Amino acid sequence: MIGIFGGTFDPVHYGHLRSALEAKELFGLSEVRLIPCSVPPHRPQPVAAPFQRLQMLKLGINNRPGWVVDTRELDRAGPSYMVDTLRSLRNEFPGRPLLLFIGCDAFNGLTSWHRWQHLFEYAHLAVLTRPGFAPQPLNEFFKLRLAEEKEQLRQAPAGKLFFQPITLLDVSATRIRQAIAEKRNPDFLLPDAVLDYIRSQGLYEK
Ligand code: ATP
């Protein structure tokens with residue numbers, strides 16, 4: 001099973017990296033693909049440029065085996081719709097179970113995503129816990145797809161919804177950007193190499 005984790009990564013931080021690591025272990029993923037978006041359709045535009053967000057992601061991952069930085073959204077023109085991303089991954093990996101994982105905050109906005117129901121034609125969805133966010137009540141569409149055991153995900157290439165508790169880390173890119181703008185030290189919220197790069201580029205300073 002291949003794991004897929006999309007985001008703005010503005011900047012990547014330990015909340016992202018720990019989520020990816022735990023998802024990889026818990027679901028026995030052969031690889032985890034981190035996909036920085038180009039033009040996020042559902043939120044304000046990123047502060048850092050695409051090449052800077054990509055570089056920070058690469059520094060954060062630091063060549064870990066089984067971790068892939070996937071640039072397909074940056075290479076594509078127009079808004080970064082996850083449904084288009086999953087369709088292209090499905091074409092690349094026919095028949096393989098794909099697992100899109102997202103934090104609970106993202107899940108609560110999922111029904112506003114472009115063609116959100118179609119995500120389940122291409123992948124399973126795992127919702128990871130995130131401090132401060134409880135999952136929205138499940139609609140009938142979600143209830144029909146809910147899996148009680150994660151082993152059910154291996155039995156089909158796509159179509160299931162699963163809730164996965166992970167270590168709760170109350171880290172957000174917004175607060176890291178704020179700390180830098182206010183000249184506070186965001187050490188220990190993100191990898192040193194990423195923070196060194198932010199400082200070298202003067203990113204997020206007021
Ligand atoms: P921002 O503060 O700029 O909105 P963010 O920290 O939420 O950014 P994103 O790149 O927008 O990070 O998030 C990408 C994905 O990572 C989303 O699915 C989000 O739910 C998840 N995520 C981010 N931070 C955490 C965290 N601390 N714990 C669990 N999931 C997280």
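Some observations on this one:
- Nearest-ten-degree value, helix 192-201 long axis tilted from longest Cα axis of the chain: 60 degrees
- Normalised by the number of residues in the chain, the average gap of Cα pairs under 8 Å and 6 or more apart makes the relative contact order 25 percent.
- Charge dipole (Cα centre; +1 on Lys/Arg Cβ, -1 on Asp/Glu Cβ; no other charges) of the range 70-206 amounts to roughly 200 debye.
- Stretch gain in nm, segment SER200-LEU26, where the contour uses 0.36 nm per residue and the Cα spacing is subtracted: 59.1 nm
- Principal-axis tilt of helix 82-92 within the chain, Cα atoms, nearest 10 degrees: 70 degrees
- Distant-in-sequence amide contacts of GLU31, defined by a placed amide H-H separation under 5 Å and a gap of 5 or more residues or a different chain, comprise GLY3.
- Of the residues VAL83, GLN136, PRO157, the one whose Cα sits farthest toward the positive end of the charge dipole of the chain, with +1 on the Cβ of Lys and Arg and -1 on the Cβ of Asp and Glu, is VAL83.
- Residues THR85, THR174, sorted so that the one with the fewest Cβ neighbours within 10 Å comes first: THR174, THR85
- The range 2-168, dipole about Cα centre (Lys/Arg Cβ +1, Asp/Glu Cβ -1), debye to the nearest 20: 120 debye
- If you run the Gaussian network model on the chain, springs between alpha carbon atoms under 10 Å, then out of ARG72, ARG145, ARG184 the most flexible one is ARG184.
- Note on the chain: lysine pairs with Cα distance below 28 Å, sequence gap of 8 or more or different chains, count 9.
- Residue with peak Gaussian network fluctuation, the chain [Cα springs, cutoff 10 Å], from GLY103, GLY159, GLY132: GLY132
- Mean Cβ neighbour count within 10 Å, used as a protection proxy, ranking 108-116, 14-22 highest first: 14-22, 108-116
- Using alpha-carbon coordinates, inclination of helix 14-26 to the longest axis of the chain, degrees: 30 degrees
- Springs between Cα atoms under 10 Å define the GNM used for the chain, and in it the highest mean-square fluctuation of PHE120, PHE162, PHE188 occurs at PHE188.
Every number here is computed from the coordinates shown, using simple stated rules; none is lab data. Values in this document were obtained by computation on a predicted structure and should not be read as measured data. Note that we place each Cβ from the backbone using ideal geometry, even for glycine, and neighbour counts take in every protein chain shown.
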